[in-house]
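Chemist: Pasting in a structure now, in structure tokens, and then I'll have a few things to ask.
The values are calculated or read from the model by the stated rules, or taken from the named source; none is laboratory data. None of the values given here were measured: they were computed from a predicted structure. Here the Cβ positions follow ideal geometry from the backbone for every residue, glycine too, while neighbour counts run over all protein chains shown. When the accessible area is computed, the model is the full protein with side chains, heavy atoms only, and any ligands, DNA or RNA have been set aside. Shrake-Rupley method; radii C 1.70, N 1.55, O 1.52, S 1.80 Å.
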Amino acid sequence: MIRIYTTQKDYNLYRTNLTHNSVGIVATMGNLHEGHLSLLQKSIEENTVSVVTIFVNPKQFGPTEDFDKYPRTLDEDLNKISNIALHASAQYPEKEIVVFAPKNIDEIYPIGFNTIISVGGVTQSLEGAKRPTHFDGVTTVVYRLFKIVNPSNAYFGQKDYQQCIVIKKMVEDLSININIHILPIIRNSDGLALSSRNQYLSESERSIALHLSRTLKQIEMLIKNKKDYTSLISDELRNNKWDYLEVLDSKNLAFPQNQTKELVIIGVYKLGSTRLLDNILVSNL
Ligand code: PAF
């Protein structure tokens, strides 16, 4: 059984009785896939209470982006969560799974809400350069969700790698007492990283999309074999539809230095109006 709350007031009534329990949050915009469910599984393993939030956050979409057509599938999402809860209850009868799915935008942004949480530095490149208001929208909503849910642990998917780094920086800079866990990308058997936006792809685009993960893998092999990868990147940027394709320091998304321990190979591939994000982490030692 899962508990479902659509208002802060009702969630708060529940939350105030939980003082001694660890709470994990899995923040989502719904349309849940195996990637989201892997975060929930981890949260269930590590917390007494796991809260999945479902809210399509208007503030992180630019004016010409897909806010209106973003897939809203609450009933299917609740079924998937209930299914996980059913399995979890056999293994962990004491654990609880909660969904916070505000129906009304005022639950997150009350009338007159006029605050932006804005992280500098790591938000300026990659996605931030292409979508200038995006990360302010993400950090503002994640901050709100953290305040409402009051978790001890938060689980995010590595697929949105820059988002993870930005959220970590917000938590560090604002001394927010929440552990951020970044969990590996879940892929289809052909290598395509799972994403709610994959469903925008036509059959033919779907197979072209595999070029993204294959290119990242090729770069990974070059790095592992200590070979030059820069000419492959230049060729790709020249000949294919990349928004960006870079190899950076995984810690801060800066240009790698000799002392960089781990690299992130990160790229966005454009297929029609759909932008597909992917990345691979690789040791630099
Ligand atoms: O990754 C997402 O789905 C969203 O950016 C998040 C973290 C739920 C904030 O709306």
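Chemist: Out of all the residues in region 175-194, is one or more assigned to a loop (DSSP other than H, G, I, E, B), within 16 Å of the ligand (Cβ to nearest atom) and of a type outside the set (V, I, T)?
Modeler: yes
Chemist: So how many residues does region 112-125 have that are under 15 Å from Q60 (Cα atoms) and open to solvent by less than 40 Å² (accessible area, probe 1.4 Å)?
Modeler: Qualifying residue count for the region: 3.
Chemist: Any idea which of V166, V171 is free of Cβ contacts under 8 Å to residues at least 60 places away in the same chain and in contact with a Gly (Cβ under 9 Å, 6 or more places away or on another chain)?
Modeler: None of the other options fit; the residue is V166.
Chemist: Could you list, ordered by first residue, the pairs with Cβ atoms under 7 Å in which the first is in region 267-282 and more than 20 Å from L253 (Cα to Cα) and the second is open to solvent by 10 Å² or more (accessible area, probe 1.4 Å) and not in a strand (DSSP E or B), at least 6 apart or interchain?
Modeler: K270/K241; L271/L201; L271/E205; L271/I208; G272/E205; T274/R197; T274/Y200; T274/L201
Chemist: With the condition kept exactly as written, say whether any residue in region 186-194 is without any contact (Cβ under 8 Å) to a residue 60 or more places away in the chain, farther than 19 Å from I266 by Cα and open to solvent by 30 Å² or more (accessible area, probe 1.4 Å).
Modeler: yes
Chemist: Residue under question is I81, and the condition is that it be more than 12 Å from the ligand (Cβ to nearest atom), at pLDDT 95 or above, more than 26 Å from N177 (Cα to Cα) and of a type in the set (V, I, T); does it hold? Give the steps one after another, and end with the answer.
Modeler: Values: more than 12 Å from the ligand (Cβ to nearest atom): yes; at pLDDT 95 or above: yes; more than 26 Å from N177 (Cα to Cα): yes; of a type in the set (V, I, T): yes.
When the stated conditions are applied, I81 passes them.
Chemist: For region 14-41, what are the residues that are more than 16 Å from the ligand (Cβ to nearest atom), open to solvent by less than 20 Å² (accessible area, probe 1.4 Å) and not in a helix (DSSP H, G or I)?
Modeler: Within region 14-41, V23 is the sole residue that qualifies.
Chemist: Assuming T139 fulfils every condition listed in (1) away from the ligand (no atom under 15 Å from the Cβ); (2) within 20 Å of T28 (Cα to Cα) apart from one, which condition is it?
Modeler: (1)
Chemist: Using the structure shown, decide if S207 is more than 16 Å from the ligand (Cβ to nearest atom), out of contact with any strand residue (DSSP E or B) (no Cβ under 6 Å at 6 or more places or on another chain) and not β-branched (V, I, T).
Modeler: Considered against the rule, which asks whether it is more than 16 Å from the ligand (Cβ to nearest atom), out of contact with any strand residue (DSSP E or B) (no Cβ under 6 Å at 6 or more places or on another chain) and not β-branched (V, I, T), S207 comes out as yes.
Chemist: Identify the residue in region 134-176 that is in contact with a strand residue (DSSP E or B) (Cβ under 6 Å, 6 or more places away or on another chain) and charged (D, E, K, R) and, among all such residues, is surrounded by the fewest Cβ atoms within 10 Å (Cβ to Cβ).
Modeler: K168
Chemist: Of all residues in region 52-94, how many are crowded, with 18+ Cβ neighbours inside 10 Å and hydroxyl-bearing (S, T, Y)?
Modeler: 1
Chemist: I'm checking my understanding of the structure. Among residues of region 55-94 that are hydroxyl-bearing (S, T, Y) and in a loop (DSSP other than H, G, I, E, B), which one is nearest to the chain's Cα centre (by Cα)?
Modeler: Checking each candidate, the answer is Y70.
Chemist: Would you say K261 is more than 20 Å from R187 (Cβ to Cβ) and in contact (Cβ under 8 Å) with a residue 24 or more places away in the chain?
Modeler: yes
Chemist: In addition: With the requirement that a residue be of a type in the set (D, E, K, R) and in a helix (DSSP H, G or I), what does region 124-145 give you?
Modeler: E127, K130, D136, R144
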